[in-house]
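Every number here is computed from the coordinates shown, using simple stated rules; none is lab data. Computed from a predicted structure; not experimentally measured. Glycine gets a Cβ as well: all are built from the backbone with ideal geometry, and neighbour counts include every protein chain shown.
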Amino acid sequence: MPKRVLQGQVVSDANDKTIVVYVERRLTHPVLKKTVRLSKKYHAHDETNSAKKGDVVRIRERAPISKLKRWELVAE
């Protein structure tokens, strides 16, 4: 099964080798037919501490590293 890849903005890089990525997605409400924005924050592993706050990055699903980290930064 392919791993999911998401794109979002780094909102925190305070922790060592960890970034918090804000991912927003848009969908149409089934009844109201209006565009709805849904957002979520993901903790991702950043081995080289290369991503900084405000960067737009891609993250990929992976096996759990810790309690919250189940994603990793995609090197581009």
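Across the chain, C-alpha contacts under 8 Å between residues 6 or more apart give a mean separation that, scaled by the residue count, equals a relative contact order of 33 percent. Projecting the alpha carbon convex hull of the chain along each direction and taking the average yields 6.3 nm². A straight Cα-to-Cα reach below 25 Å connects Lys17 with the lysines Lys3, Lys40, Lys41, Lys52, Lys53, Lys67, Lys69, residues fewer than 8 places away in its own chain not being considered. Projecting the Cα positions of Thr35, Gly54, Leu73 onto the charge dipole of the chain (unit charges on Cβ atoms of Lys, Arg, Asp and Glu, taken about the Cα centre) puts Thr35 furthest along the positive direction.
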